[in-house]
1. Working only within region 188-221, note down all residues that are closer than 11 Å to Phe343 by Cβ and in a helix (DSSP H, G or I).
2. Within region 177-225, how many residues are basic (Lys, Arg) and in contact (Cβ under 8 Å) with a residue 40 or more places away in the chain?
3. Only one of Lys188, Lys177 is surrounded by fewer than 17 Cβ atoms within 10 Å (Cβ to Cβ) and of a type in the set (Lys, Arg). Can you tell me which?
4. For region 200-216, which residues satisfy the criterion of being of a type in the set (D, E, K, R) and surrounded by 17 or more Cβ atoms within 10 Å (Cβ to Cβ)?
5. Report the residue count in region 355-408 for those that are under 30 Å from Leu212 (Cα atoms) and aliphatic (A, V, I, L, M).
6. So Asp146 fits all but one of (1) surrounded by fewer than 17 Cβ atoms within 10 Å (Cβ to Cβ); (2) in contact with a helix residue (DSSP H, G or I) (Cβ under 7 Å, 6 or more places away or on another chain); (3) at pLDDT below 95; what number is the exception?
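The values are calculated or read from the model by the stated rules, or taken from the named source; none is laboratory data. These figures come from a predicted structure and were not determined experimentally. Every residue, glycine as well, gets a Cβ built from its backbone with ideal geometry; the counts of neighbours run over all protein chains shown.
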Amino acid sequence: MPIGINDISALRLTVLNKLVTKYMMPPNLILKGMFKTVNYESDNIEWESQIGSRGLTPFAAEDAEAPAVAIPGVGENSAHAAFWKERTFFGSSFLNNIREPGTDRRYQKSARTLSNQVRNLGNRSYRREEWMLAQMLCNDGFTYKDKNGVYITLDYGIPDDNKVTLATDYKWDAGTKRNILEDIFDAKQVVSDSNAGVLNNAIFTSEVLQMLLFDDTIQTLMQKSSYGQGDLFANPTGVIGSLLGIGNMYQYDEAYQIRAYLTSALAAGAGPHTVSVDNTVDFEVGGTLTVLDVSAKTTETLTITAVNTNAGTLTATGTLASAYKATEDYAYMTKKFIPTDKFTMWADNVDGEPIAEFMKAPHELDRRWGQQIDRWVVRDPDGIFLRVEDKGLPVLYHEDAVYQLTVN
């Protein structure tokens with residue numbers, strides 16, 4: 001059956017990519033909008049990073065040769081750009097509905113489905129960018145595939161002094177010696193001493209915000225008689241940010257979902273369970289693994305204790321009441337972009353230079369930058385594939401301008 005996709009206006013590439021432009025990125029993704037996007041000339045991205053600042057030009061004789069300077073702490077970095085893509089299929093019966101003229105109800109439904117699928121593909125791609133930025137800020141790096149399909153790990157090199165885990169007595173949730181204000185001002189001092197940067201951004205989840213709100217010291221300071229306008233609970237990030245001297249406080253609970261099909265049957269019973277899946281990438285130790293029975297539409301949960309990428313397995317604890325089938329049932333993990341036990345801070349710039357950017361690399365045969373939608377025809381079964389793809393990497397110029405505080 002001739003598909004005739006060139007005769008279907010809704011499937012023209014210009015229309016598909018206009019849909020991506022129309023929807024842009026989901027408004028609830030905030031990290032992607034904080035860092036500038038730059039088009040890089042190749043997929044081997046190179047950048048200089050720096051520890052420290054506050055250089056001072058020396059005095060010199062006017063008629064003498066200028067002294068040479070070596071900028072302290074400058075490092076040369078390079079990494080292959082990450083590449084991400086996925087596709088979805090539309091069969092001939094669906095496409096024939098799109099070809100119907102006029103404003104027929106079936107036509108409208110099919111066109112709306114197509115529009116939603118393009119938006120979903122684009123949103124999933126944007127979430128991958130958001131995930132990379134969150135990993136850079138909160139976890140110092142991430143693992144991805146290079147062009148040969150080999151897993152590589154990118155470490156941004158945030159100094160150990162900028163990655164602090166509080167001892168049990170000092171944890172923000174129930175530490176008997178906790179001192180939230182002192183912890184944050186210590187962080188500001190570390191960054192100021194290192195590069196004269198000002199920690200004016202902080203990001204955290206609602207779990208950490210609750211620790212801030214109900215801390216006795218902060219509660220006392222926030223009483224209307226001594227500070228603020230009595231609007232701590234109405235405007236928590238703004239009020240606490242004013243107290244801490246951090247202008248941009250972000251409570252961020254946006255999450256992503258990782259899904260993989262079972263490649264081996266999973267038996268009922270007590271754990272630990274070895275869960276074989278078709279892709280282990282992005283599953284994390286400590287995450288909640290939900291196993292779904294597609295036929296019965298029921299779920300059970302386990303806790304991931306180990307991830308073996310080479311073997312394609314997850315080790316999980318917990319008890320399963322039911323057994324699950326290979327290739328039919330699947331497992332998924334929902335996780336927030338920002339760890340629920342971290343309070344991460346960073347400076348916008350050091351010596352007037354932004355601390356980070358997102359480098360986009362060229363991809364496709366005609367060297368395009370940024371997110372692209374493509375489509376092609378297949379036969380038997382008749383239909384088309386829609387594909388989204390993008391390529392790039394976040395780069396961190398000032399590693400010591402980020403401060404990660406693990407508070408719980």
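1. Those that are closer than 11 Å to Phe343 by Cβ and in a helix (DSSP H, G or I): Glu207, Val208, Leu209, Met211, Leu212.
2. Applying the first criterion (basic (Lys, Arg)) to region 177-225 yields 177-178, 188, 224.
Of the ones still in play, those that are also in contact (Cβ under 8 Å) with a residue 40 or more places away in the chain are 188.
The number of residues fulfilling the criteria is 1.
3. On the way: Lys188 fails: surrounded by fewer than 17 Cβ atoms within 10 Å (Cβ to Cβ).
Just one listed residue meets the conditions, Lys177.
4. Within region 200-216, the subset of a type in the set (D, E, K, R) is 207, 215-216.
Result: Glu207, Asp215.
5. Number of matching residues: 7.
6. (2)
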